[in-house]
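Accompanying notes for the structure given below.
The values are calculated or read from the model by the stated rules, or taken from the named source; none is laboratory data. Every value quoted in this text rests on a predicted model; they were computed, and no experiment measured them. With ideal geometry, Cβ positions are generated from the backbone for all residues, glycine too; neighbour counts draw on all protein chains shown. Accessible surface areas use protein heavy atoms only, side chains included; no ligands, DNA or RNA. Shrake-Rupley method; radii C 1.70, N 1.55, O 1.52, S 1.80 Å.
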Amino acid sequence: FLRRCRVRLVSELQVAPLWDALLSRELFTPDMIEDIQLAGSGSRRDQARQLVIDLETRGRQALPLFISCLEDTGQDTLASLLRTSQQAVKRDPEAVRSLDLVPEELRLMMLDPVKPASGKLTPVVLGPRELPPAKLRPEVLRPVDVGSGEFRDAHAQQPSRGNADLAYVLRADPCGHCLIINNVSFSRASGLSTRLGSNVDCEKMQRRFRSLHFTVEVTCNLTAKKMVQALVELAQRDHRALDCCAVVILSHGCQASHLQFPGAVYGTDGCSVSVEKIVNIFNGTSCPSLGGKPKLFFIQACGGEQKDHGFMVAHASPGDRASGSNPEPDTVPFQEGPRTSDELDAVSSLPTPSDILVSYSTFPGFVSWRDTSSGSWYIETLDSVFECWAHSEDLLSLLLRVANAVSERGIYKQIPGCFNFLRKKLFFKTR
């Protein structure tokens, strides 16, 4: 319910007296408070807004402690408002659940198969190995630069100037930077387990993106602050001679309050960084040299703590029921406050995403499974699908294949999804 009170908190909250109280109650670390103080333009209003957003990621005990901080600093009116709202939620939780809305345009949905017009044809979603790649063609033909400003289809070799308006053209070699953040070992104080199998994922992604003509950099076991520093350093480079940028994050994760992109990933110190913050590091203001170019984010981390048991269908894939399989989730429990419709005050400060795709290993709110010996289901499948189909299909088609293949695995279920703000189709550079 903090979101229900956000407008008033942002308008009235006096942040300057709060820092010492927040530190003394260990609600935030000094590094986290420094990040809050630097939010936006650094004004009181921007600091207050960021404080409220970050507070919602600090767990169920954060609110009572925050109320105490308000009382200690003489902000009794706001403390009373939050305490009254908290008591109202306890008395009538259903009233809050009814406000738990997600913008329709961002909602991930499962679509029923389209019924064929005649009984002779049945639509089939092809898995990575069901047909040789050479038999398929992308729906929109890949534009190839042939000099003098002309573009031709890679297969038909016919002039196709208009196709450049439908697909990004990756001409540079290397086509862009790829940063992989691989968090395996976490501090004892964080309470987070070692992510066995993550190094297997890291090696697969390193090889795969090199084969796709990216310059790959790998960083391991970063705290939340160092994760942000590595991402900012990447965003501040000169990308003018490049055509794309990719970020792969392998870590524990949790739910987090958000306006555009759900979820958060953990640094090795147990502090989280929201996916929304990660993406916005690469927006047009912070990273102008990537303006108009695709920026890709692949997140292998839990989206929450729910375990999906799935539902009965006519057939199941037996391949993932081997006794040697040892999956574990990348989850950390988190209780998110209820959502209401987004206030203008909160929305207006965020840049409109453009040329961005965020691929999640799992549906928001659910765990993401990782085998301790062979790596995560998502990364293993992503690597396999890219190997078989990246030369002929665009990125969204590849991710559909990944979602279909992962959804058929295991006893507990998992389905990847993505938030897509790309303006064109993206075909990777494969030769």
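To the nearest 0.05, what FRET efficiency results for SER11 and LYS226 with a Förster distance of 51 Å applied to their C-beta separation? The pair SER11/LYS226 has a calculated efficiency of 0.90. The GluC sites (Glu not before Pro) found in the stretch 11-54 that occupy coil by DSSP, while having at most 10 further C-beta atoms within 10 Å, are GLU26.
Amide H contacts of CYS418 (H built 1.01 Å from N, in plane; Pro and chain starts excluded): TYR360 sit under 5 Å, all sequence-distant by 5 or more or on other chains. In the context of the full set of protein chains, residues of the stretch 161-272 present 39 Å² of accessible surface per residue (probe radius 1.4 Å, heavy atoms only).
If you sort the three axes of the alpha carbon gyration tensor as a ≥ b ≥ c, you get a/c of 1.5 or more for the stretch 7-89 and a/b above b/c, which makes it prolate.
Order these peptides, 184-197, 286-299, 243-256, by their mean beta-carbon neighbour count within 10 angstrom, highest first.
Result, highest mean Cβ count within 10 Å first: 243-256, 286-299, 184-197.
Placing ASP383, ASP35 in order of accessible area, with the largest value first and a 1.4 Å probe, yields ASP35, ASP383. Scaled against 2.2 N^0.38 Å for its residue count N, the alpha carbon radius of gyration of the stretch 180-308 is 1.05.
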